[in-house]
Amino acid sequence: MQPILDIADLRKSYGDGFEALKGVSLRIEPGEIIALLGPNGAGKTTLISTVCGITTATSGTVAVGGHDIIRDFRAARSMIGLVPQEINLEPFERVINTVRFSRGLFGKSPDEAAIEKILRQLSLWDKRNNQIRELSGGMKRRVLIAKALSHEPRLLFLDEPTAGVDVELRKDMWEIVEGLKADGVTIVLTTHYIEEAEAIADRVGVIAKGELLLVEDKADLMARMGQKQLDVQLSAPLEDVPEALAKYDLTLCEGGRTLTYSYDTRADRTGITKLLRDVSEAGLVLRDVVTRQSSLEDIFVGLVHEEEEATS
Amino acid sequence: MNWTAIRAIYLFEMARFFRTLAQSLISPVLSTSLYFVVFGAAIGSRIQEIEGVSYGAFIVPGLIMLSVITQAISNASFGIYFPKFIGTIYELLSAPVNFLEIVAGYVGAAATKALFIGIIILITAFFFVDVTIAHPLAMVAFLLLTCLSFALLGFIIGIWAGNFEQLQLVPLLVVTPLVFLGGAFYSISMLPPVWQTISYFNPVVYLISGFRWAFFGSADVPIALSLMAIAGFTAACLLVIGWIFKTGWRIRQ
Ligand SMILES: Nc1ncnc2c1ncn2[C@@H]1O[C@H](COP(=O)(O)OP(=O)(O)O)[C@@H](O)[C@H]1O
Ligand SMILES: [Mg+2]
């Protein structure tokens, strides 16, 4: 299938010489949700701005649905919707007018039914005749989304859609994203909340200091890098790990009441059966057994940390 | 051409104008009326006729020009500066429109607003003085070209301006003096020869002269020169805008 977004070796240096993107390549298939995860200043907004035509690339190419963003900018941009990171809206304008304006700006003929559908979908219909300045921050962000969707884009960029947004609205936002995905819209969202990527993305890209460190299927990523921990909780506390269990590289915590064992979920033998047998042979009495999986956060912190060590 | 987009920008800008219609009209109507009271009635009664026209009527074309030029510049410069200022420019830059279409939308709306106000002032003038229009078609043509060319200039100023002070600077320091010294309230022929010569370097002289010719059939400079001046000015603005378009100056990083 033709990728909906194809970025090849994209570089961007700002006027002051700062290189914000250092050769980013990324292919995105239609219909997926991809989360670009990275700390502040990583280059997420720059990447999106360059794809959308707000900044010009220093080198490299970008194609949207097979259309080059420079040579064939009309076709490329018609397919894109952008929800910017900052809440940029005209305070005195009415909600419905700004959405109509966006639709027209993108070359789509007026269609009140389509506008109504979008406003209803975003719970903005009741507020359609309000001035933007009368809306709460969360509502304003919905207006931004409505504007971005007004011309029925195939590829939607959400630049930190839930930054500074309360928990409830964040959940709403995730639902909106799920709904769009169901309509076949491809979604690229940036975030520095790991839980967000973990909750809604199909693939995760990690970006730091202008480089895309990896892009991987979320499940694969977690399986590949995800170590699991087995906590063996004991009835009586231990002073030291018994000699008989030394080969398992266990750590003793919670005042000697828990033995923690790390293992790789994808290994042929996890060693759990043997461990438990040896534990009972060593005469220890089990109170409970718990397993834990590393979150994306652990993985992410590990990656960025590795990167920092490599560059220093 | 993405006509739908041009139309969207144009209507959006016009909506802003109509939302504040009272403010948009009160100030020019009031100031024009004041000009008529002060210059037309109070001082004008002591000034003899100029080229066979009463002083009150004589200043009508200049007054219209003054307002139209000021309005065209301020509407167009504000129109494009505002999205830059509040950040909504991202939408223009990411839309499937080229710079020409953006210019057409903003400049078209600004020129329309200026035209609107020019017509209002002309109507106001009818209440104070007897105005005859010798060449109505030429009058309309001059009015349209002036609205358009100064809206283009305003657009350039709006792109250039980095803050609100700069936005006011050019109209205040350059345009207003040029219009006042451009013969809005007097005939160039009334000046001493040295000042007459200097005046011929002021482009606004040609505009006002041409516009006044359309009203009264007499002019300070040949009408062909006036036409060339305004055509040349429009072309210069278009060239600058074309260059901005090519380089992305002050808009696209
Ligand atoms: N207009 C600009 N001029 C110069 N440097 C910029 C500009 N915009 C962003 N940067 C720099 O580029 C880097 C990436 O910024 P950005 O793309 O906004 O990161 P993110 O969205 O991941 O937080 C930052 O170091 C930032 O300071
Ligand atoms: Mg950002």
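Observations on the structure shown:
- Residue, least open to solvent (accessible area, probe 1.4 Å), within region A:6-15, restricted to residues that are within 11 Å of another protein chain (Cβ to nearest Cβ) and either away from ligand 1 (no atom under 13 Å from the Cβ) or not small (Gly, Ala, Ser) (or both): A:12
- Residue within region B:188-204 that is small (Gly, Ala, Ser) and under 18 Å from residue B:134 (Cβ atoms) present: no
- Scan of region B:7-36 for residues that are open to solvent by 20 Å² or more (accessible area, probe 1.4 Å), within 9 Å of chain A (Cβ to nearest Cβ) and modelled with pLDDT of 90 or more, ordered by number: B:7, B:11, B:12, B:15
- In region A:43-55, the qualifying residues are those that are assigned to a loop (DSSP other than H, G, I, E, B) and open to solvent by less than 20 Å² (accessible area, probe 1.4 Å), and the one that is farthest from the other protein chains (Cβ to nearest Cβ) is A:43.
- Among the candidates B:62, B:79, B:108, the residue that is surrounded by fewer than 24 Cβ atoms within 10 Å (Cβ to Cβ) and either outside any helix (DSSP H, G or I) or in contact with a helix residue (DSSP H, G or I) (Cβ under 6 Å, 6 or more places away or on another chain) (or both) is uniquely B:108.
- In summary, residue A:261 fulfils each of the numbered conditions (1) touching a Gly at 6+ places or on another chain (Cβ under 7 Å); (2) open to solvent by less than 40 Å² (accessible area, probe 1.4 Å) with the single exception of condition (1).
- The single condition among (1) within 16 Å of ligand 2 (Cβ to nearest atom); (2) assigned to a loop (DSSP other than H, G, I, E, B); (3) touching a strand residue (DSSP E or B) at 6+ places or on another chain (Cβ under 6 Å); (4) not β-branched (Val, Ile, Thr) that residue A:82 does not satisfy is (2).
- Which numbered condition residue A:256 misses (of (1) surrounded by 16 or more Cβ atoms within 10 Å (Cβ to Cβ); (2) more than 30 Å from residue A:173 (Cα to Cα)): (1)
- Unique match (being assigned by TED's automatic domain parsing to the domain that holds residue A:98 and within 16 Å of ligand 2 (Cβ to nearest atom)) among A:191, A:186: A:191
- Region A:35-56 residues that are at positive phi, paired with ones that are away from ligand 2 (no atom under 12 Å from the Cβ) and hydroxyl-bearing (Ser, Thr, Tyr) (beta carbon under 9 Å, 6 or more apart): A:53/B:94
- Residue within region A:135-157 that is under 16 Å from the mean Cα position of the chain (by Cα), of a type in the set (Gly, Ala, Ser) and over 30 Å from residue A:66 (Cβ atoms) present: no
- Across region B:200-237, the number of residues qualifying as outside any loop (DSSP other than H, G, I, E, B) and polar (S, T, N, Q) comes to 3.
- Among the residues making up region B:85-140, those that are farther than 23 Å from residue B:69 by Cα and not β-branched (Val, Ile, Thr) are B:85, B:87, B:90, B:91, B:92, B:93, B:94, B:95, B:96, B:98, B:99, B:130.
- Matching residues in region A:16-57 - criterion: being in contact with a helix residue (DSSP H, G or I) (Cβ under 6 Å, 6 or more places away or on another chain), more than 8 Å from ligand 1 (Cβ to nearest atom), among the small types (Gly, Ala, Ser) and farther than 25 Å from residue B:92 by Cα: A:35
- The number of residues in region A:19-42 that are within 16 Å of ligand 2 (Cβ to nearest atom), of a type outside the set (Val, Ile, Thr) and away from every other protein chain (no Cβ under 14 Å) comes to 8.
- Residues satisfying the stated conditions in region A:56-79, i.e. open to solvent by less than 10 Å² (accessible area, probe 1.4 Å) and either over 14 Å from residue A:24 (Cβ atoms) or within 16 Å of ligand 2 (Cβ to nearest atom) (or both): A:64, A:76
- The set of residues in region A:56-69 that are modelled with pLDDT of 95 or more and either facing chain B (nearest Cβ under 10 Å) or out of contact with any Leu (no Cβ under 9 Å at 6 or more places or on another chain) (or both) comprises A:66, A:67, A:68, A:69.
- Restricting region A:145-173 to residues that are part of a helix (DSSP H, G or I) and either more than 14 Å from chain B (Cβ to nearest Cβ) or within 16 Å of ligand 1 (Cβ to nearest atom) (or both) leaves a set whose member that is surrounded by the most Cβ atoms within 10 Å (Cβ to Cβ) is A:173.
- Members of region B:142-185 that are open to solvent by less than 50 Å² (accessible area, probe 1.4 Å) and closer than 23 Å to residue B:217 by Cα: B:142, B:143, B:146, B:147, B:179, B:182, B:183, B:184, B:185
- Pick from region A:93-140, criterion among the aromatic types (Phe, Trp, Tyr) and in a helix (DSSP H, G or I), ranking: nearest to the other protein chains (Cβ to nearest Cβ): A:101
The values are calculated or read from the model by the stated rules, or taken from the named source; none is laboratory data. Just so it is clear, the model here is predicted, and its values are computed rather than measured. No Cβ is skipped: glycine too gets one built from the backbone with ideal geometry, and neighbour counts run over all protein chains shown. When the accessible area is computed, the model is the full protein with side chains, heavy atoms only, and any ligands, DNA or RNA have been set aside. Shrake-Rupley method; radii C 1.70, N 1.55, O 1.52, S 1.80 Å.
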